[in-house]
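**Q** Structure incoming, see below.
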Amino acid sequence: MLPKQWILRHVDLREQMALASLLAISPLTASVLLARGISTKVEADRWLSPHQGATHDPFLIPDIEQAVDRLHRAVQTGERICFYGDYDVDGMSATSLYVLFFSRLGANVSWYIPHRLREGYGLNESALARLHGDGVTLLVTSDCGTTAHREVEAACRLGLDVIITDHHQGEELLPPAFAVMNPYRRDSRYPFPGLCSAGLAYKVVQAYQTKYGSGSVTLESLLDLVALATVADVVPLQDENRYLVRQGLDLISRGVRPGINALKSAAGVERVCTAETIAFRLAPRINAAGRLAHADLGVRLLTTESEEEAQQLAGQLEQLNRERQAIEQQTVAEALAAVDSKTTSAALVVASRKWHLGVVGIVAARLVERYHRPAVVIAINEQGLGKGSARSVPGFDLYQALSECRDLLKGYGGHPAAAGLTIEESRLPEFVERFQDVAARWDAQHGRTPLLHVDAEVKLMDVGPRAVRELGLLHPFGAGNPEPVFVVRNLTMLDVRVVGEGHLKLVVRQPGSMPVESIGFRLGELLAQRGLSSKASIDLACIPELNRWNGFDRIQLRIKDLRACRPS
């Protein structure tokens, strides 16, 4: 792991104390709010307690009114509607949301999720032909379609009307669909482009309900699906996403949906659910369906009303997730071995005919985490066709970088932070050279040292359970609203261990404080990398959290980085 540059946010002490007094909060929480640009009571109230007024008018989304009109006509005439989704959590959640709402209106609905290995991402002409043969006349996508020009043209020739619900970036020219609802369209008037596809589907349902009324499914009851997708797809937890996720987390915590409740049980989740619960416990299990089997399992789990069926499906997903973990561990080891001789390059591109396509995105994320540079991981099939996933570092736009390599690719798509591509094995050397050249030009301008933004410097004795609970009011944490990070200086290490799968566990103390346990996940080598002995004094960049033990809450520090103690 590369040493990080700690960027300590400057906070005016007078503003800090004034905001703390105005809101009756601790100076610690006030400093975090100020560091994030929140300086007034109105802004702080909205941030601490997002409410319904934080959402925007759905009719500002391009093509949404003609989409709901077309859906209403299909509902009224009994046309067969197919909701066609991607095989990740966002696609499955959006598809489930559509199916639940429109089936309760009495619509003739079905769903289709392509198989990751046999069909690949997005629309494909064979599936469209089969759906047309089954009597489908209206196709509504979730999390795909923006770049599917050829496939949408094929659908039009078959007589299928296509409505696209997608948030992936694309070219200025749109496919010839009946409606293309994408907040990244250049002509979009929607004030917040950060919705995931399930969030967009929610806005479609909201617009439909506004214009035509609803069935027995309320808008609020669908927010658990929106929260799952929003967190899993790593879209910014800002603006109305904060409201949608907060309300959805409440539903997930209360276990109102049989499938999610069964999944929580299988994952051993018993406490109140947070965005972290989704990111690390629930989403990986749902994603395992699309990675190793078929994403139909995920849609069935999220739409079933049977507790018995939910438990059965959750058990299948739990088993698939264990298999995914084993495959991932092996692939990560092989990918790390493959890049050992290439660590000076500005970007990492690794490929193999032995790797499972279902884990390449996770492996790319692991490489970024370790080497702090853009990474592309490609699984090549027996026919020499490679399909891969790319992950990025902050500031490096993957979609733009792949656009500069478009003539070497059979296809690509995604976001600045995550993308996918298809490439012939024979074109890999050219692609590696050009992609690394694009990354090298970016490096020359921005540098490669990873940055760690720190909200404030604190004394260990000032970080108590009450302060940590108050910081929790700033949730949900994730992309665009990271967990507050603090620096604690001049710590003595009372105990040093490596536990589990390479986790660093410390017991630290500051002069005048009680000993506090600290944990650094997958940071077991950090002391050696920094050249520190167990007797060294250290500065710690960390996230304080509560660890409940025997009915009592204790402070635990989650380590983000550490270094030798520097004079104040």
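None of the figures in this text is laboratory data; all of them are computed from the coordinates on show. If you're wondering where the values come from, they're calculated on a predicted model, not measured in any experiment. Positions of Cβ are generated from backbone atoms using ideal geometry, with glycine treated the same way; all protein chains shown enter the neighbour counts.
**Q** Given Cβ point charges of +1 (Lys, Arg) and -1 (Asp, Glu) and nothing else, what value in debye, to the nearest 20, does the dipole of the chain about its Cα centre take?
**A** Values: 62 positive and 65 negative charges, 314 e Å.
Dipole about the Cα centre, nearest 20: 1500 debye.
**Q** For the ranges 447-460, 26-39, what's the packing order if you count other beta-carbon atoms within 10 Å of each residue, average per peptide, and put the highest first? Provide the component values of the computation, followed by the final result.
**A** Details: 447-460: 16.9, 26-39: 20.0.
Highest to lowest by the protection proxy: 26-39, 447-460.
**Q** Rank these for me by crowding, ARG118, ARG80, going from fewest to most other beta carbons within 10 Å.
**A** Working: ARG118 9, ARG80 17.
Exposure proxy ranking, most exposed first: ARG118, ARG80.
**Q** About its Cα centre, what dipole magnitude does segment 58-319 give when the only charges are +1 on Lys and Arg Cβ and -1 on Asp and Glu Cβ, stated in debye to the nearest 20? Show your work: numbers first, answer last.
**A** Values: 24 positive and 32 negative charges, 39 e Å.
Approximately 180 debye in magnitude.
**Q** Treat the count of other C-beta atoms within 10 Å as a stand-in for reagent exposure and order CYS565, CYS82 from fewest to most. Please report the intermediate quantities before stating the final value.
**A** Working: CYS565 16, CYS82 25.
Exposure proxy ranking, most exposed first: CYS565, CYS82.
**Q** Follow-up question, since we're still on this one. Dipole of the chain (Lys/Arg Cβ +1, Asp/Glu Cβ -1, origin at the Cα centre): which of PRO515, PHE59, ILE423 lies farthest to the positive side?
**A** The one lying farthest along the dipole's positive direction is PRO515.
**Q** Another one. Can you give me the angle between helix 64-77 and the longest principal axis of the chain, using Cα atoms only, in degrees from 0 to 90, rounded to the nearest 10?
**A** 50
**Q** Just flag the GluC sites (Glu not before Pro) in segment 510-568 sitting in loop per DSSP whose Cβ has no more than 13 other Cβ atoms within 10 Å.
**A** On the way: sites: GLU517, GLU525, GLU545; in loops: GLU525.
Here the GluC sites (Glu not before Pro) that fit, given the DSSP loop and packing criteria, are GLU525.
**Q** A follow-up question, please. Starting from segment 369-435, pick out the GluC sites (Glu not before Pro) whose DSSP state is loop and whose Cβ has at most 16 other Cβ atoms within 10 Å. Don't skip to the answer; put the middle values down first.
**A** Details: sites: GLU369, GLU382, GLU404, GLU424, GLU425, GLU430, GLU433; in loops: GLU382, GLU404.
Counting only loop positions with at most 16 other Cβ atoms within 10 Å, the GluC sites (Glu not before Pro) in segment 369-435 are GLU382, GLU404.
**Q** While we're on this one: What is the distance in Å between the Cα centres of segment 7-62 and segment 414-454?
**A** 35
**Q** Please report the antiparallel percentage of the DSSP beta bridges confined to the chain, to the nearest 5.
**A** Details: 48 of 79 bridges.
Close to 60 percent.
**Q** Which residue, GLY106, VAL299, THR95, has the largest displacement toward the positive end of the dipole of segment 58-319 when charges sit on each Cβ (Lys, Arg +1; Asp, Glu -1)?
**A** Farthest towards the positive end: GLY106.
**Q** Further question on the same structure: Within the chain, what is the number of lysine pairs with alpha carbons under 30 Å apart, leaving out pairs fewer than eight places apart on the same chain?
**A** Lysine pair count for the chain: 24.
**Q** Please state the charge dipole magnitude for segment 343-446, taken about the Cα centre, from unit charges on C-beta atoms (+1 on K and R, -1 on D and E), reported in debye and rounded to the nearest 20. All intermediate terms of the calculation are to be shown ahead of the outcome.
**A** Working: 12 positive and 11 negative charges, 63 e Å.
So the magnitude is around 300 debye.
**Q** Still on this model: Name the residue farthest towards the positive end of the dipole of the chain from the options ILE555, SER533, LEU474, assuming +1 on Cβ of Lys and Arg, -1 on Cβ of Asp and Glu, about the Cα centre.
**A** SER533
**Q** What is the order of PHE83, PHE431, fewest Cβ neighbours within 10 Å to most? Could the numbers behind the result be given before it?
**A** Numbers: PHE83 27, PHE431 23.
Placing the least packed residue first, the sequence is PHE431, PHE83.
**Q** While we're on this one: Loop-only check: which trypsin sites (Lys or Arg not before Pro) in segment 141-199 are DSSP coil with at most 14 other Cβ within 10 angstrom? List each step's numbers first, then the result.
**A** Details: sites: ARG150, ARG157, ARG185, ARG186, ARG189; in loops: ARG185, ARG186, ARG189.
Within segment 141-199, the qualifying trypsin sites (Lys or Arg not before Pro) (loop, at most 14 other Cβ atoms within 10 Å) are ARG186, ARG189.
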